[in-house]
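Input: a single structure, listed below in structure tokens.
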Amino acid sequence: MAVGSSETGRTKTTGARRPFPLRVVVVIVVALFIASTALAYEAGTQAGTGPSTTSTVSFLNLSVIMNQTYSAAYGGSGFPQYVINSTSGSGSGTNFTLPEGTVIVTITDHDAVTRYNQCVCNVQGTVGGTETLNGTPISYVSPSNVAHTFDVPQLGINVLAPGQSVVSFVLDLHQVGSFRWECLAPCGSGPQGFGFPMFTPGFMEGTMTVT
């Protein structure tokens, strides 16, 4: 039934109201989604755990083994050497290529501990600033318990591998390029431990390429 309006001359229709325009609902939902995503990203960035620029999740499994090939020439019982066990990227020797994004790295260290007096023993450059040592999250390793390190100076990465341990950590790689990685713990020959195989490609040094 229609009811006339004496003031405007328009006719009002009683009964059900007109539905809220669908496009208005869509605009509101999208705006809320964008706002919540921005807030989540900002919170994650401030906490140091913001999302990667891509959704790719890769893995890299390394081991530190004792290579006996050159031990006799240097009067030792074997020299440590990083080797690639497996990776979702590609690799040869101590050089590996990984896609941009999140990388889960595991290092199985078969060597014994060495005292690293000059150690910067805080974990740096990983997601959350931590590594997992034998299943326990940590952010610091005692200098007396370090056997080897995994350092990428250009990316500010410093991870410490105690002897006879399994260490895992997460990297958020968003800078494309080739970067030198190295072990900085004195694990080589010579009185100070900085001789072979320290800083030797194929042993305690290599290249990480992010594509």
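List of remarks:
- Residues of the stretch 195-211 with amide N under 11 Å of a point placed 7 Å along Cα→Cβ from Tyr70: 195-205
- With R₀ fixed at 25 Å, the C-beta to C-beta distance from Ser88 to Asn122 puts the FRET efficiency at about 0.30.
- Summary of packing: across the peptides 191-200, 146-155, the per-residue average of other C-beta atoms within 10 Å ranks them, highest first, as 146-155, 191-200.
- Think of the stretch 57-210 as having a plus end and a minus end, set by charges on the Cβ of Lys, Arg, Asp and Glu; of Thr87, Ile157, Asn117, Asn117 sits farthest toward the positive end of this dipole.
- The calculated FRET efficiency for the pair Val57 and Gln154, based on their C-beta separation and a Förster distance of 30 Å, comes to about 0.85.
- The stretch 104-145 shape via C-alpha gyration tensor axes, a/c threshold 1.5: oblate
- Separation of the stretch 106-134 and the stretch 186-200, taken as the distance between their Cα centroids, equals 18 angstrom.
- Share, in percent, of DSSP beta bridges within the stretch 57-210 that are antiparallel, nearest 5: 75 percent
- Taking other residues whose beta carbon is less than 14 angstrom from the beta carbon of Leu155, and scoring Lys, Arg as +1 and Asp, Glu as -1, yields -3.
- Theoretical gain in end-to-end length, Gln192 to Thr207 [0.36 nm per residue, Cα-Cα removed]: 2.9 nm
- Across all directions, the shadow cast by the convex hull of the stretch 57-210 built on its C-alpha atoms averages 8.1 square nanometres.
- Listed peptides 101-107, 162-168, 64-70 by packing density, highest first (mean Cβ within 10 Å): 101-107, 162-168, 64-70
Where a number appears in this text, it was derived from the coordinates with a stated rule and is not lab data. Quantities reported herein were computed from a predicted structural model and do not represent experimental measurements. We place every Cβ from the backbone using ideal geometry, glycine too, and count neighbours over all the protein chains shown.
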